[in-house]
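Structure, as structure tokens:
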2 protein chains.
Amino acid sequence: MLPDQSLAATAVHAWTLNLARAEKVFLGRSDEALREPIAPGKNRLVYLFGHLIAVHDGMLPLLGIGPRQHPELDALFLTEADRNTTALPSATELTALWRDVHGELKAGFDSFSPADWTARHTAMTDDEFAANPLRNRLAVLLNRTAHMAYHVGQCALVAPSE
Amino acid sequence: MLPDQSLAATAVHAWTLNLARAEKVFLGRSDEALREPIAPGKNRLVYLFGHLIAVHDGMLPLLGIGPRQHPELDALFLTEADRNTTALPSATELTALWRDVHGELKAGFDSFSPADWTARHTAMTDDEFAANPLRNRLAVLLNRTAHMAYHVGQCALVAPSE
């Protein structure tokens, strides 16, 4: 394997490992269990579940994989903090959205060459990218991997589901 | 910049960004402020401060940069959970250790070529590495970046220092 192939594959593998940890937190938990806050007065698990789906859905256009699949999630999980309402999608609905978004992402990742990962992401103009060549698609992947780990760390404060 | 150079530099940049976020949490907080737990009954900030130093110190031999600088931290911050004792290093001492370890790591990172990042880390034998070529030095860097973000996410539950 050439260095560029190895580096790109290692980064995708790190994403996949962290995704598996997030799935262990969120998938298979009941609606009731998802209503538990990560700490008193803080976000509920259900909010972080939807938040990660919304953020990862936003990676599709950002990486040039395709259009957003579920922009309707932003109002509930991105632009607003957790307002502790009950009018959120169910565990079953969120699980289906999770699988949908991550399936699309995986198909995109599988199609990228190492050079594709070093290309600019769509929120950067050509001029901006010329000035900041490290703000590439890989940077988006690594940033979102760390963002996911950040929230998984918070969810770890709640006892595991049974 | 060649793809392999861009990919390696992007990964180091992601580490640096997450390190800066951790420094915003830990550096400049008083001893008293560091005794605050991230949530009732959970790890204190001071424990996670020392924990990250110990884990990052362990990266030095793992990446072949050099010997561990502070193995004495493991007993307090790695092999044992936070036992809420007061016999821990002070904020001033931890800050000095933090700067020391991260200075060593930075010097090592700066010396690595892209191919160096794809080489095996020292916890892998040649045979293991032949079977799992993605368990390379970059995997260690990305794993530790996510680990740091995981704990920074927990620390974000505590109000920022003043």
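The values are calculated or read from the model by the stated rules, or taken from the named source; none is laboratory data. Just so it is clear, the structure is predicted and the values come from calculations on it, not from any experiment. Methodologically, a virtual Cβ is constructed for each residue, glycine included, from the backbone with ideal geometry; neighbour enumeration extends over all protein chains shown. For the accessible areas, the whole protein counts, side chains as well, though only heavy atoms, and no ligand, DNA or RNA atoms are used. Shrake-Rupley method; radii C 1.70, N 1.55, O 1.52, S 1.80 Å.
Tabulated results
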{"item": "Selection count where residues are among the polar types (S, T, N, Q), within 14 Å of chain B (Cβ to nearest Cβ) and assigned to a loop (DSSP other than H, G, I, E, B), scope segment A:116-138", "result": "2"}
{"item": "Top-ranked residue in segment A:34-47 [being open to solvent by 30 Å² or more (accessible area, probe 1.4 Å) and in contact with a Leu (Cβ under 7 Å, 6 or more places away or on another chain); ranked as farthest from the other protein chains (Cβ to nearest Cβ)]", "result": "A:36"}
{"item": "Lone unmet requirement of (1) among the small types (Gly, Ala, Ser); (2) modelled with pLDDT under 95; (3) surrounded by 19 or more Cβ atoms within 10 Å (Cβ to Cβ) for residue B:50", "result": "(2)"}
{"item": "Selection count, segment A:1-45, where residues are among the β-branched types (Val, Ile, Thr) and over 18 Å from the mean Cα position of the chain (by Cα)", "result": "1"}
{"item": "Residue among A:130, A:123, A:96 that is of a type in the set (A, V, I, L, M), touching a residue at least 40 places away in the same chain (Cβ under 8 Å) and open to solvent by 50 Å² or more (accessible area, probe 1.4 Å)", "result": "A:123"}
{"item": "Which listed residue, of A:66, A:58, is at pLDDT 95 or above and closer than 23 Å to residue A:10 by Cα", "result": "A:58"}
{"item": "Qualifying residue in segment A:95-115 (condition: within 9 Å of chain B (Cβ to nearest Cβ) and either outside any loop (DSSP other than H, G, I, E, B) or among the basic types (Lys, Arg) (or both))", "result": "yes"}
{"item": "Residue in segment A:7-33 that is nearest to the other protein chains (Cβ to nearest Cβ), counting only those that are of a type in the set (A, V, I, L, M, F, W, C) and without any contact (Cβ under 8 Å) to a residue 24 or more places away in the chain", "result": "A:9"}
{"item": "Test: residue A:138 is more than 23 Å from residue A:11 (Cβ to Cβ) and either open to solvent by less than 30 Å² (accessible area, probe 1.4 Å) or in contact with a Lys or Arg (Cβ under 6 Å, 6 or more places away or on another chain) (or both)", "result": "no"}
{"item": "Exclusive hit being open to solvent by less than 70 Å² (accessible area, probe 1.4 Å) and assigned to a loop (DSSP other than H, G, I, E, B), set A:88, A:19", "result": "A:88"}
{"item": "Residue A:4 vs. criteria in contact (Cβ under 8 Å) with a residue 40 or more places away in the chain, within 14 Å of chain B (Cβ to nearest Cβ) and of a type outside the set (A, V, I, L, M, F, W, C)", "result": "yes"}
{"item": "Residue ID - nearest to residue B:157 (Cα to Cα), chosen from residues in segment A:149-162 that are at the interface with chain B (Cβ under 8 Å from one of its Cβ atoms) and assigned to a helix (DSSP H, G or I)", "result": "A:154"}
{"item": "Filter pass, residue B:69 being away from every other protein chain (no Cβ under 14 Å) and touching a residue at least 24 places away in the same chain (Cβ under 8 Å)", "result": "yes"}
{"item": "Residue match in segment B:61-73 (condition: within 30 Å of residue A:37 (Cβ to Cβ) and assigned to a helix (DSSP H, G or I))", "result": "no"}
